[in-house]
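Asker: Here you go, one structure.
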Amino acid sequence: MNSIIINQAFLEDWETLQTIGKETFSETFSGDNSKEEMDLYLEKSFNKEKLTDELNNSDSFFFIAWEEDNPIGYLKLNAGTAQTELQDKTSLEIERIYVRSSHHGKKVGQLLYDKALNVAKEQKKAYIWLGVWEENLRAVNFYKKNGFVEFDKHIFRLGNEEQTDLMMKKILE
């Protein structure tokens with residue numbers, strides 16, 4: 001496997017984020033959800049206006065994992081009021097880590113997670129947290145392996161459907 005490079009994404013990268021976002025989310029969840037609900041979610045979450053707003057938010061950070069010229073995964077982090085729930089100034093939220101299925105098992109997710117951990121430490125955060133679908137056992141186990149513990153649950157809306165996410169956090173030393 002070629003070496004993986006992780007670069008911060010900026011406004012001019014919105015189309016790459018849109019493409020990799022839609023592809024990786026679809027690969028991960030389309031088998032467990034209806035096409036209609038998936039289409040609604042993808043249009044709402046990855047349209048140009050929403051991505052532009054997120055990229056312009058100084059409390060949100062995107063990183064893209066590249067293998068040569070191919071985007072293979074991405075990471076979205078939120079601090080301060082950009083966080084989807086807690087909005088604790090001492091925390092950093094991992095809103096998304098997604099990797100193309102062709103690269104599962106190749107440590108790309110771990111590289112993206114390590115980037116999130118480094119950003120949290122650079123920003124002197126006390127803890128990092130995230131929400132993960134309770135039925136996405138691959139992801140739940142990944143986060144447990146990296147020291148996260150469940151502390152609550154919340155509702156995640158996929159289109160018009162409500163699903164339960166486990167809220168997990170890791171205290172930083």
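Asker: Regarding TYR98, is this residue within 25 Å of GLU43 (Cα to Cα), among the aromatic types (Phe, Trp, Tyr) and in contact (Cβ under 8 Å) with a residue 40 or more places away in the chain?
Answerer: The answer is yes for TYR98.
Asker: Identify, by number, the condition in (1) in contact with a helix residue (DSSP H, G or I) (Cβ under 7 Å, 6 or more places away or on another chain); (2) touching a residue at least 40 places away in the same chain (Cβ under 8 Å); (3) of a type outside the set (Ser, Thr, Tyr) that LEU40 doesn't meet.
Answerer: With respect to (1) in contact with a helix residue (DSSP H, G or I) (Cβ under 7 Å, 6 or more places away or on another chain); (2) touching a residue at least 40 places away in the same chain (Cβ under 8 Å); (3) of a type outside the set (Ser, Thr, Tyr), LEU40 is out only on (1).
Asker: Collect the residues in the stretch 73-89 that are surrounded by fewer than 21 Cβ atoms within 10 Å (Cβ to Cβ) and more than 19 Å from PHE29 (Cβ to Cβ), keeping them in residue-number order. Steps first, please.
Answerer: First pass over the stretch 73-89, keeping only residues surrounded by fewer than 21 Cβ atoms within 10 Å (Cβ to Cβ): 80-89.
If the condition is that a residue be surrounded by fewer than 21 Cβ atoms within 10 Å (Cβ to Cβ) and more than 19 Å from PHE29 (Cβ to Cβ), then GLY80, THR81, ALA82, GLN83, GLU85, LEU86, GLN87, ASP88, LYS89 are the ones that fit.
Asker: Before we move on, is PHE156 at pLDDT 95 or above and in contact with a strand residue (DSSP E or B) (Cβ under 7 Å, 6 or more places away or on another chain)?
Answerer: Details: at pLDDT 95 or above: no; in contact with a strand residue (DSSP E or B) (Cβ under 7 Å, 6 or more places away or on another chain): yes.
Against the criterion (at pLDDT 95 or above and in contact with a strand residue (DSSP E or B) (Cβ under 7 Å, 6 or more places away or on another chain)), PHE156 does not qualify.
Asker: Could you identify the single residue in LYS48, LYS76 that is farther than 22 Å from TRP133 by Cβ, of a type in the set (Lys, Arg) and in contact (Cβ under 8 Å) with a residue 12 or more places away in the chain?
Answerer: Answer to the check: LYS48.
Asker: Could you look through the stretch 38-51, keep only residues that are open to solvent by 30 Å² or more (accessible area, probe 1.4 Å) and in a helix (DSSP H, G or I), and pick out the one that is nearest to GLN123 (Cα to Cα)? Write out each step before concluding.
Answerer: We begin by selecting, within the stretch 38-51, every residue open to solvent by 30 Å² or more (accessible area, probe 1.4 Å); these are 39-40, 43-44, 47-50.
Retained after the next criterion (residues that are in a helix (DSSP H, G or I)): 39-40, 43-44, 48-50.
Details: ASP39: 36, LEU40: 35, GLU43: 32, LYS44: 30, LYS48: 28, GLU49: 28, LYS50: 25 Å.
The extreme case among them is LYS50.
Asker: Mind counting the residues in the stretch 1-25 that are touching a Leu at 6+ places or on another chain (Cβ under 7 Å) and farther than 16 Å from LYS76 by Cα? Before you say what the answer is, go through the steps one by one.
Answerer: So the first thing to find is which residues in the stretch 1-25 are touching a Leu at 6+ places or on another chain (Cβ under 7 Å), and the list is 4, 6, 9-11, 14, 17-18, 22, 25.
Those still in the list that are farther than 16 Å from LYS76 by Cα too: 4.
Qualifying residue count for the region: 1.
Asker: Another question about this same structure. Six or more apart or on different chains, Cβ atoms under 7 Å: show the pairs whose first residue is in the stretch 22-37 and more than 20 Å from GLY105 (Cα to Cα) and whose second is in a helix (DSSP H, G or I) and polar (S, T, N, Q).
Answerer: none
Asker: Moving on. I'd like to verify a number: residues in the stretch 1-37 that are among the basic types (Lys, Arg) and surrounded by fewer than 16 Cβ atoms within 10 Å (Cβ to Cβ), how many?
Answerer: 1
Asker: Residue under question is LEU92, and the condition is that it be crowded, with 18+ Cβ neighbours inside 10 Å, free of Cβ contacts under 8 Å to residues at least 40 places away in the same chain and under 23 Å from GLU161 (Cα atoms); does it hold?
Answerer: So LEU92 does not fit the description; no.
Asker: If we keep just the residues of the stretch 56-72 that are open to solvent by 30 Å² or more (accessible area, probe 1.4 Å) and free of Cβ contacts under 8 Å to residues at least 60 places away in the same chain, which is farthest from GLN87 (Cα to Cα)?
Answerer: Checking each candidate, the answer is ASP69.
Asker: Quick one: how many residues across the stretch 100-153 are more than 25 Å from GLY31 (Cα to Cα), charged (D, E, K, R) and either buried (at least 16 other Cβ atoms within 10 Å of the Cβ) or at pLDDT below 95 (or both)?
Answerer: Within the stretch 100-153, residues that are more than 25 Å from GLY31 (Cα to Cα), charged (D, E, K, R) and either buried (at least 16 other Cβ atoms within 10 Å of the Cβ) or at pLDDT below 95 (or both) number 2.
The values are calculated or read from the model by the stated rules, or taken from the named source; none is laboratory data. All figures in this text were calculated on a predicted structure; none of them were measured in a lab. Here the Cβ is made from the backbone with ideal geometry for all residues, glycine too, and neighbour counts use every protein chain on show. Surface areas here come from the heavy atoms of the whole protein model, side chains and all, with no ligands, DNA or RNA. Shrake-Rupley method; radii C 1.70, N 1.55, O 1.52, S 1.80 Å.
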